[in-house]
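Working notes, beginning with the structure itself.
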Amino acid sequence: MRFQNPIAAIGRVGVLSLAVALGSADALQAQQAAVAGVSDTVRAGRFDNGKMWTFEYPPTDYLRETYGLTPDTAWFRKARLGALRIPGCSASLVSARGLVMTNHHCGREAVTSVTRAGENLQRDGFYAATLQDERQAEDMHADQLIAIVDITEAMDRAERGARDAAEIQEAREQAGEAESARITEEYGGEERGIVVEVISLWNGARTSAYVFRRYDDVRLVLTPELQLGYFGGDPDNFTYPRYSLDMTFFRVYGDDGQPLSTPEHFKFAAQGVKAGDVVFVVGNPGSTSRLQTVAELEFRRDVQDAAILALLDSRVAALNEYLEGNPNAPESIQNELFSLLNSQKAYRGIVRGLNDAYILARRRDGERRFAEAIAAAPKLQEEYGSLIDDLARVQQRKRDLAAEARAFIGLGNPGLDGGVLVRSFYAAQYLSATAAGAPADVLDNVKQALMGVPQQPAELQEALLAARLRDVQNALGGNAAQIDAILQGRSPEGAAAVAVQQSPLSDSARAVQALDDGSLTMNDPAIQLGRSLLQRYGPYQAGMQPISQEEDGLARRLGRARFEVYGLEIPPDATFSLRLADGVVQGYEYNGTVAPPYTTFYGLFDRYHSFGSKDWDLPRRWLDRQSAIALSTPLNFVATADIIGGNSGSPVLDRNLDIVGLVFDGNIESLPGEFIYLDQRARSVAVDARGILEALRSVYQAERIVTEISGTPVPARR
């Protein structure tokens, strides 16, 4: 039976939904606050801002006090060098010969890129039986963090004399570029594969230059079938218990074309984890907003994140409808749907959390304590005393542009708007630049950008473009004249059909040909539609720019104020930079029952037999090899380690920095972790190292990989 929340009936939707999920004591506290209509009983926690520790400021005292662990410099160095960052995800070195482990969903595009004619590696999986069979993946690289340089002083010095937020931002960007160039040369230059990235911590209170060694020769070694890497599909995504083999192995090669020598790597642990064991996740969490004020979160709740969720809902619907009618559509479109579904579910959890009165009350208490600490120090009060109120006023100015935000959020992304619209923006720019006598190199850059817009079927472009036009119509519907100027009296579907069917911009090759032969003009229907949208978007963008610059400046000051008050006690927000997160293996209460610390292969086959549908289907190889599998082997497990998007592919390590798992997800209760860390029920979800080895041995019979990562040859069971 579905529990009916009585508070929701009077407008406080979701007050208890996540509060009950936090555990008995916190749930009772939340109920008291919700029923009374106040938040006096809610208190912030020590780690509400999370435990994503940086390597330049390692939490040595905390680790000693919490776990009795006293890691030395060599421990942190090994953790840093064994970790890798790949496009959009994390990874790790797991052998002395450059073997890399990450998630299946992190390597999906690379798998598509190495698929040859007549193959379907997404469906069937891939295993390179020898080194010679490993396939180089296009547009794939791996970055190893070899050094961290503190450039705070140089960045702060650059700000001096700047008159406003815009000048401060420009000065910091210029200083960052100069520091990056200087440090790149110090470490050997780009020709040696050196890439330097400026990382802002605590919104600029501290700034580091991260020095990476980039490896461009990355080859696919092994990936399971999609049905194993994405077992359970979207229904199981962000849930637990889970039964997914979300893993893929690559190998990094050196400039000599041989496997890279990687003495700093992580070994697979001889023993697995059990409930209560401490674990560490080393990876690159994408972004969090735990330093934002309550007013900023309320704006996100009411406008920004709500609009993003609505955008994702409509685009998922469009892609689903297209794929249902086109079952043989390219893998790239299916991958796009997977990505959108993942984002959609994540934002649902985030928006639900933003609507949870208990969570906001907890954040509000933390903000109150912060303000009191500032007020207690005259110098801090003079410098930072008005910050929270100033940011609240900025949010109100943003609310004045809420309709435009809902109409145009995400504009210019071909996966959200359709390629024809994005090409129309570049084409109009090209034609205007040509008329103005722009030099050839400028025109060529615009043309290259146009050519880089991904190809999409015309039917899908129409659906995505119509969805954008509906967004605009719904958000700006109060101004009939503006809508008519955009749609020209047509429906969104009708206007999209005209643009796609009557313009060469629906195809990159035809678009370039039309530019080259001069047949494309400003009268093109797609260009006319694009320009009419930009005429409305331009003023919105112009209005938002100074607001955003002011907000960024206030956020930098807020970060410095927090650092002044709390120092290293509160870790900085995630920035897709390397972090160390600690936690323990632990199940949790949910749905009136208990989620176990780990699941086994028994559960995998039970899901298959119980559902009998495509999301829980198993490939023939797995059914044929079932008797060879030790079904009691742990497959997935959960821990309290603090993770977020970008951590996908991170290794889970024990005290000795040996691999015990591979992070691939968080549960549904973890999604508000974007703005608050609560570990009563929030969990990171990982593939168990024991499950990885069992699958390699007994299903894929990948003896050479098992030997490489375990150090001992183990024959597959027959």
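Observations on the model:
- Elements of type strands (runs of 3 or more DSSP E) contained in the range 40-93, each with 1 or more residues being among the polar types (S, T, N, Q) and under 25 Å from the mean Cα position of the chain (by Cα): 52-54, 89-93
- Qualifying residue in the range 570-580 (condition: over 28 Å from Ser432 (Cα atoms) and in contact with an Asp or Glu (Cβ under 8 Å, 6 or more places away or on another chain)): yes
- Qualifying residue in the range 128-135 (condition: β-branched (Val, Ile, Thr) and touching a Lys or Arg at 6+ places or on another chain (Cβ under 7 Å)): no
- Hey, Gln271 open to solvent by 20 Å² or more (accessible area, probe 1.4 Å) and over 30 Å from Gly553 (Cα atoms) or not: yes
- Boolean, Asn335 is at pLDDT below 95, surrounded by fewer than 19 Cβ atoms within 10 Å (Cβ to Cβ) and out of contact with any helix residue (DSSP H, G or I) (no Cβ under 9 Å at 6 or more places or on another chain): no
- Residue in the range 522-538 that is loosely packed, with under 15 Cβ neighbours inside 10 Å, free of Cβ contacts under 8 Å to residues at least 40 places away in the same chain and under 31 Å from the mean Cα position of the chain (by Cα) present: yes
- Residue list for the range 422-434, filter: closer than 19 Å to Gly538 by Cβ and surrounded by fewer than 15 Cβ atoms within 10 Å (Cβ to Cβ): Ser432
- Any hit, the range 286-297, residues being touching a residue at least 40 places away in the same chain (Cβ under 8 Å), open to solvent by less than 40 Å² (accessible area, probe 1.4 Å), within 30 Å of Trp75 (Cα to Cα) and assigned to a strand (DSSP E or B): no
- Residue selected from the range 544-594 under the condition assigned to a helix (DSSP H, G or I) and hydroxyl-bearing (Ser, Thr, Tyr), by the criterion surrounded by the fewest Cβ atoms within 10 Å (Cβ to Cβ): Tyr566
- Residue match in the range 242-251 (condition: buried (at least 20 other Cβ atoms within 10 Å of the Cβ) and either over 24 Å from Ile705 (Cβ atoms) or of a type in the set (Asp, Glu) (or both)): yes
- Within the range 354-369, residues that are open to solvent by 40 Å² or more (accessible area, probe 1.4 Å) sit with their Cβ atoms under 7 Å from residues that are hydroxyl-bearing (Ser, Thr, Tyr), at 6+ positions apart or across chains, in these pairs: Arg364/Ser39.
- Against the test of being open to solvent by 20 Å² or more (accessible area, probe 1.4 Å), in contact with a Leu (Cβ under 8 Å, 6 or more places away or on another chain) and under 29 Å from Asn320 (Cα atoms), the options Gln501, Gln456, Gln482 yield a single qualifying residue, Gln456.
- Qualifying residues in the range 600-648 (those that are part of a helix (DSSP H, G or I) and in contact with an Asp or Glu (Cβ under 9 Å, 6 or more places away or on another chain)) - the one nearest to Val279 (Cα to Cα): Phe601
- Scan of the range 116-133 for residues that are of a type in the set (Asp, Glu) and surrounded by 12 or more Cβ atoms within 10 Å (Cβ to Cβ), ordered by number: Asp124, Asp133
- Test result for Ala542, farther than 27 Å from Tyr426 by Cα and within 31 Å of the chain's Cα centre (by Cα): no
- Among the numbered conditions (1) buried (at least 19 other Cβ atoms within 10 Å of the Cβ); (2) within 30 Å of Arg621 (Cα to Cα), the only one that Leu201 does not meet is (2).
- Residue among Gly82, Gly118, Gly107 that is at pLDDT 95 or above and in contact with a His (Cβ under 8 Å, 6 or more places away or on another chain): Gly82
- Matching residues, the range 647-688, being open to solvent by 10 Å² or more (accessible area, probe 1.4 Å), aliphatic (A, V, I, L, M) and in contact with a Phe, Trp or Tyr (Cβ under 8 Å, 6 or more places away or on another chain): Ile668, Leu671
The values are calculated or read from the model by the stated rules, or taken from the named source; none is laboratory data. Because the structure is predicted, anything quoted here is derived from the model rather than measured. Every residue, glycine as well, gets a Cβ built from its backbone with ideal geometry; the counts of neighbours run over all protein chains shown. Just the protein is used for accessible areas: all its heavy atoms, side chains included, with ligands, DNA and RNA removed. Shrake-Rupley method; radii C 1.70, N 1.55, O 1.52, S 1.80 Å.
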